Amino acid sequence: MQTLKHYSIIALLLIFFSCNVGPEPINYGSDGCHFCKMTIVDKVHAAEIVTNKGKVYKFDATECMANFMDDFDTSEIKLYLSNNYTEPETLIDATQATFLISENIPSPMGAFLSAFKSKVDAKKTQAEKGGTLYTWNELLAHLKN
């Protein structure tokens with residue numbers, strides 16, 4: 001009986017820890033964009049959505065993630081993530097990021113859109129490359145137009 005109790009506790013712990021909702025690493029060169037179906041290769045502009053149930057959708061660019069949201073129940077989304085321009089392959093909270101649209105920084109789908117964890121870094125890059133800065137909500141409104 002004691003052994004059964006130990007197995008039950010272990011089983012419950014495994015279930016608990018396997019249900020963590022969070023991002024997954026993007027496998028560059030093999031994962032495909034959920035929206036446009038292109039292979040994700042750009043380590044600077046990739047993005048990811050994680051639902052409340054833990055399902056992960058990967059995108060080759062933040063603009064693909066934004067376009068995907070048009071046909072998805074956004075109340076089911078827990079995390080919006082974009083790669084940080086200054087730290088390739090590092091996913092950051094897109095809702096807290098500063099975005100730069102600059103024609104001097106190409107992105108995979110041609111929106112010239114890059115995400116920055118730090119507003120200071122975004123302003124510095126804007127001073128060097130030109131363009132317009134956006135918050136997450138401003139960006140979504142801009143992309144809808």
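The figures follow:
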quantity: Test for L81: is it crowded, with 18+ Cβ neighbours inside 10 Å and more than 22 Å from N27 (Cβ to Cβ); calculated: no
quantity: Residue within the range 110-120 that is β-branched (V, I, T) and surrounded by 14 or more Cβ atoms within 10 Å (Cβ to Cβ) present; calculated: no
quantity: Leading residue by the ranking (surrounded by the fewest Cβ atoms within 10 Å (Cβ to Cβ)) among those in the range 54-78 that are touching a strand residue (DSSP E or B) at 6+ places or on another chain (Cβ under 6 Å) and not basic (K, R); calculated: E76
quantity: Evaluation of N104 against (1) within 15 Å of W136 (Cβ to Cβ); (2) surrounded by fewer than 19 Cβ atoms within 10 Å (Cβ to Cβ); (3) touching a residue at least 12 places away in the same chain (Cβ under 8 Å) (one fails), failing number; calculated: (1)
quantity: Restricting the range 121-139 to residues that are surrounded by fewer than 18 Cβ atoms within 10 Å (Cβ to Cβ) and hydrophobic (A, V, I, L, M, F, W, C), the residue that is nearest to H45 (Cα to Cα); calculated: L133
quantity: Residues of the range 20-53 classified as surrounded by fewer than 23 Cβ atoms within 10 Å (Cβ to Cβ), small (G, A, S) and at pLDDT 95 or above, total; calculated: 3
quantity: Candidates V120, V41, filtered to the one that is within 16 Å of the chain's Cα centre (by Cα) and of a type in the set (V, I, T); calculated: V41
quantity: Residue satisfying condition, being among the charged types (D, E, K, R) and under 9 Å from the mean Cα position of the chain (by Cα), within set E48, E87, E63; calculated: E48
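The values are calculated or read from the model by the stated rules, or taken from the named source; none is laboratory data. Note that the structure is predicted; figures quoted are calculated from it, not measured. FYI the Cβ positions are ideal-geometry reconstructions off the backbone, even for glycines, and counts take in every protein chain you see.
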